[in-house]
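Below is one structure, written out as structure tokens; comments come after it.
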Amino acid sequence: MTKLKDIYDSKRRKLAEEYNRKKDRNDVLLLVGNLLFWILFFSFSLEIKIYDFIFVFTDSIVINLVVYLGIILFFYELYSLLIAYYLSYRLNEGYRLIKQSVKGWIIDDLKGLILNIIVVSVGGGFFLYLTANYPEKWWIFFALGCIMFLLIVTFLFPIVLLPLFFKLEPYPAGELKERVKDFIEDIGLEIDEIYQINLSSKLNYANAAVIGLGSTRKIILGDNLLDNYSGDEIEAILAHELGHHVHQDIFKNILIQTLFIFLLSYIMYNLWPLVFTWVGYKNMYAVYTLPLILIVFLLLSWLFSPISLYFSRKFERAADGFALKKIPNPRYFASAMAKLADTSLSALEYNKYKLIFKASHPPIGERIDRALDCGGVED
């Protein structure tokens with residue numbers, strides 16, 4: 001708990017405790033619901049039955065692959081959307097964390113479904129091609145392909161993917177923008193433009209980020225920062241994002257993900273023959289094996305996720321340290337983080353499981369304590 005308790009809104013803190021208890025419960029139910037879907041899916045051999053049904057209509061392997069994966073992903077998305085509505089959307093709407101209508105929420109989900117079908121179809125086709133032509137070395141080429149995909153997505157995210165869900169435009173002209181530009185110049189950085197994202201169209205809490213790669217790299221600030229945060233607090237938030245820029249954290253994360261992908265691909269290469277033997281498929285690498293291969297790969301990703309999350313928290317702490325050195329008063333960073341915690345009803349501390357398997361950032365209470373210590377604030 002922080003050293004300056006009155007930095008928070010006490011009513012929002014009580015709501016946060018209540019909200020997070022319900023969210024934790026609903027997250028468990030969501031997990032159980034998703035596991036139940038896949039247990040039933042594989043128990044009834046639906047991957048093979050759908051394959052047998054689809055692959056009689058055309059001789060085109062590409063069309064069959066896309067239709068096959070599209071059908072499975074569509075029914076999974078429909079199922080998960082239904083339980084997510086009751087366990088996630090309604091909870092967040094009830095606590096006024098989101099402003100998006102049910103219609104808008106469903107439309108965004110359908111956009112994500114289309115993107116998933118494209119990605120999984122391309123990835124699945126690439127995987128089958130490699131296993132057929134390079135059975136002993138497919139994991140190396142597959143990892144290289146995933147890394148190339150990661151670089152492309154990181155590069156295109158600000159200019160292609162993000163605009164599918166939010167509007168991104170230059171930060172509005174005015175006194176605050178000039179102040180922010182002066183602040184960046186004082187730090188000694190050259191940034192062509194700062195961008196604003198219309199988070200307020202869907203969310204009732206603010207955020208900021210560094211996104212993109214090379215010529216598409218952008219520093220973005222939520223539009224709802226203007227209404228709820230002072231100029232000093234916005235500078236503090238911006239300084240944190242500039243810390244990521246200075247420390248080249250995007251490139252560091254790509255390097256970590258590169259090692260991560262090679263590790264998972266190699267483990268999958270050695271593990272899948274064992275799973276294949278246990279399941280009893282006729283062919284080791286066939287279209288109908290892709291759903292289970294994807295599930296196993298996702299489980300491995302979850303199992304090893306603490307490694308990348310550890311480095312993510314380390315980078316976030318370093319960016320915090322950069323901000324605390326550059327802003328005039330660390331108290332502004334503390335108050336900005338407290339507002340973010342209150343408006344988003346974030347928990348101030350994590351249990352061990354959340355810290356290890358879910359937290360990409362340090363606990364927000366820890367970050368605020370650090371800022372208050374730097375500012376010499378006492379109880």
Answer yes or no as to whether ASN224 is among the polar types (S, T, N, Q), without any contact (Cβ under 8 Å) to a residue 60 or more places away in the chain and in the same structural domain as ILE114 (by the TED database). no
Please specify each residue of segment 131-163 satisfying the condition of being under 30 Å from ALA209 (Cβ atoms) and not hydrophobic (A, V, I, L, M, F, W, C). GLY145, THR154, PRO158, PRO163
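The rows are residues; the columns are (1) at pLDDT below 95; (2) touching a helix residue (DSSP H, G or I) at 6+ places or on another chain (Cβ under 9 Å); (3) surrounded by fewer than 18 Cβ atoms within 10 Å (Cβ to Cβ).
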position	(1), (2), (3)
CYS146	no, yes, no
GLU178	yes, no, yes
TYR205	yes, yes, no
ARG217	yes, yes, yes
Within the bounds of segment 179-202, is there any residue that is within 21 Å of SER346 (Cβ to Cβ), in contact with a strand residue (DSSP E or B) (Cβ under 9 Å, 6 or more places away or on another chain) and assigned to a helix (DSSP H, G or I)? yes
TYR350 vs. criteria farther than 24 Å from SER200 by Cβ and not polar (S, T, N, Q): yes
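The values are calculated or read from the model by the stated rules, or taken from the named source; none is laboratory data. Note that the coordinates shown come from a computational prediction; the quantities given were computed from them, not determined experimentally. FYI the Cβ positions are ideal-geometry reconstructions off the backbone, even for glycines, and counts take in every protein chain you see.
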